[in-house]
Amino acid sequence: MTQSAEMVADQLKQALRGFAQTVVIVSTVDSAGERYAMAATAVVPVSMDPPSMLVCINRNASAYGVFASGADFCLNILGANALDIAQGCAMSSGPDRFKTGDWRMLDNIPYLAEAQAAIHCSQSKRVSHGSHDIIFGDVLSVQLAETVDPLLYLEGTYRRVGDQL
Ligand SMILES: Cc1cc2nc3c(=O)[nH]c(=O)nc-3n(C[C@H](O)[C@H](O)[C@H](O)COP(=O)(O)O)c2cc1C
């Protein structure tokens with residue numbers, strides 16, 4: 001059965017509502033020193049040789065131009081204790097997104113001190129695909145919290161991991 005592109009997109013959205021993802025705040029800075037942060041779940045580990053990650057950024061996002069300029073970035077994996085940061089990021093814009101959370105700087109890139117993990121990346125490649133750019137980052141360093149309790153996004157709501165099977 002062939003489906004129209006519109007129908008495929010609708011059904012893919014529906015499928016992805018049930019695709020639990022950990023919430024990540026991607027943070028970066030422009031050449032003028034302005035900080036940017038946005039929530040992202042399209043974050044994927046790429047390889048351990050070299051240690052690398054990717055994040056898909058919508059070209060309409062306010063931070064897109066900074067990524068397009070080749071800026072380095074940090075992938076802040078949120079814990080369930082950081083729900084306020086995820087919600088704050090979704091509701092506010094621009095520098096206001098830095099009002100919630102313990103934001104610090106490492107090598108001139110903002111990162112969240114209370115993230116479950118802060119993965120500092122040097123941008124290594126950018127590939128355009130449809131509405132998004134895929135931004136690859138070689139991992140420079142990783143900061144880990146002691147607790148593993150990731151903040152999940154599932155069916156349009158924030159959750160935490162349930163029982164081990
Ligand atoms: C849970 C969640 C996950 C998101 N994942 C992504 C993503 O992977 N890539 C992306 O470009 N936008 C993603 N978004 C949307 C961006 O966070 C949001 O559109 C972005 O901050 C742009 O807003 P701005 O232009 O006001 O900065 C996500 C939003 C939420 C709430």
(Q) Suppose the filter is free of Cβ contacts under 8 Å to residues at least 24 places away in the same chain and farther than 20 Å from residue 133 by Cβ; does residue 47 pass it? (A) no
Q | the stretch 122-147, residues that are among the hydrophobic types (A, V, I, L, M, F, W, C) and surrounded by 13 or more Cβ atoms within 10 Å (Cβ to Cβ) | A | 134, 135, 136, 139, 140, 142, 145
(Q) So, in the stretch 50-94, how many residues would count as being under 12 Å from the mean Cα position of the chain (by Cα), under 21 Å from residue 126 (Cβ atoms) and touching a residue at least 60 places away in the same chain (Cβ under 8 Å)? (A) 8
Q.
List the strands (runs of 3 or more DSSP E) inside the stretch 1-101, counting only whole elements, that have at least 1 residues being within 10 Å of the ligand (Cβ to nearest atom) and on the phi < 0 side of the Ramachandran plot.
A. 24-29, 35-40, 43-48, 51-58
Q | Unmet requirement for residue 117, which otherwise passes all of (1) more than 17 Å from residue 66 (Cβ to Cβ); (2) exposed (fewer than 15 other Cβ atoms within 10 Å of the Cβ) | A | (2)
**Q.** the stretch 24-35 - residue that is of a type in the set (Ser, Thr, Tyr) and in contact (Cβ under 8 Å) with a residue 60 or more places away in the chain and, of those, nearest to residue 123 (Cα to Cα)
**A.** 28
Q) Does at least one position in the stretch 103-116 carry a residue that is away from the ligand (no atom under 11 Å from the Cβ) and at positive phi? A) yes
Q) Does residue 133 satisfy the condition of being within 27 Å of residue 47 (Cα to Cα), of a type in the set (D, E, K, R) and not in a loop (DSSP other than H, G, I, E, B)? A) yes
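Conditions (1) surrounded by 15 or more Cβ atoms within 10 Å (Cβ to Cβ); (2) within 16 Å of residue 29 (Cα to Cα), marked per residue:
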site	(1), (2)
48	no, no
73	yes, yes
93	no, yes
96	no, yes
104	no, yes
Q: Determine, yes or no, whether residue 133 is of a type in the set (Asp, Glu), away from the ligand (no atom under 14 Å from the Cβ) and touching a residue at least 24 places away in the same chain (Cβ under 8 Å).
A: no
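Only the coordinates and a few stated rules stand behind these numbers; no lab work does. Being a predicted model, the structure only gives us computed values, none of them experimental. Methodologically, a virtual Cβ is constructed for each residue, glycine included, from the backbone with ideal geometry; neighbour enumeration extends over all protein chains shown.
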